[in-house]
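Taking it in order: structure first as structure tokens, then the write-up.
The values are calculated or read from the model by the stated rules, or taken from the named source; none is laboratory data. All figures in this text were calculated on a predicted structure; none of them were measured in a lab. Ideal geometry is used to build each Cβ from the backbone, glycine not excepted, and the neighbour counts take in all protein chains shown.
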Amino acid sequence: MELRVEDLEIRSRDRRGLDETVITSGLDFSLRRGEILALSGPSGAGKTSVALAILDLLPPGLRRSRGRISLDDGRSIATGRGSLVGMIFQEPALALDPNFVIGAQLEEVARLDGDGAAAARRRSLAMLERVGIAEPARRAGDRPASFSGGELQRIVIARALLRRPAFLIADEPTSSLDLLVQGRILGLLESCRREFDLGILLISHDRRVVAALADREIVLPGRREVG
Ligand SMILES: Nc1ncnc2c1ncn2[C@@H]1O[C@H](COP(=O)(O)OP(=O)(O)O)[C@@H](O)[C@H]1O
Ligand SMILES: [Mg+2]
């Protein structure tokens, strides 16, 4: 299976709908299962916007003005969001709800696939264990504030992988972590790629991260003004 981005252009506009700026244009790439493709480039180049465009989650100030995003088996990404394409965001602490124990936040996702309560719990605990959370049954009852940054990123990865997606978009997955923890999270992504035959779009501005993990790299240049 392949995820294809063809001739993608994203523009931003101001509140009056005027002054459009091209964030990125003419972007073409494809991502196969089992492959890690880096999307790099300077801050503000539009990396996160490309990720959101793929998931059909662009905020109101941004729009896809050209291009096509598709899976080669004809399924649409928007309907497959989460089940076909998982997403992990830059700040693991913001990705989880501080008010709920993490077990509940994973089980809620597992239940999207029709699992009953017991099956959802079993699947959540198994995935927490897989990503390296020790004593998952006990720790599932803790809120996000009781975990370290590295543990939170593991939990976010577990949640993204719970539905066994074919693809994972990882937006700066290690940039908020210290170097030692970064290396461990990169190792986890690499082992998940192999175990789940996952195609990973690895968004990073960090040369070392790209060099350590990516099979191929696409560099987004800085931006241009329209007109
Ligand atoms: N909600 C938004 N509305 C308008 N412009 C935005 C919005 N979000 C981001 N942008 C603009 O889009 C450009 C690309 O941002 P982003 O995709 O976050 O870049 P990167 O992830 O490469 O740092 C930036 O210039 C940013 O100001
Ligand atoms: Mg970004």
Within the stretch 34-65, the residues that are near ligand 1 (Cβ under 9 Å from one of its atoms) and charged (D, E, K, R) are Lys47
**Message:** Is it the case, given these coordinates, that Leu94 is at pLDDT below 90 and surrounded by 17 or more Cβ atoms within 10 Å (Cβ to Cβ)?
**Reply:** no
Out of (1) over 17 Å from the mean Cα position of the chain (by Cα); (2) of a type in the set (Val, Ile, Thr); (3) closer than 30 Å to Ala53 by Cβ, the one Ile169 does not meet is (1)
Inset, instruction - Kindly indicate whether any position in the stretch 140-147 is surrounded by fewer than 20 Cβ atoms within 10 Å (Cβ to Cβ), modelled with pLDDT under 95 and among the polar types (S, T, N, Q). - result: no
Within the stretch 31-50, of all residues that are within 14 Å of the chain's Cα centre (by Cα) and aliphatic (A, V, I, L, M), the one farthest from Leu189 (Cα to Cα) is Val50
Filtering strands (runs of 3 or more DSSP E) wholly in the stretch 164-227 for at least 2 residues that are in contact (Cβ under 8 Å) with a residue 24 or more places away in the chain and within 13 Å of ligand 2 (Cβ to nearest atom) gives 167-171, 199-203
Across the stretch 126-135, the tally of residues that are closer than 15 Å to Glu151 by Cβ and part of a helix (DSSP H, G or I) stands at 4
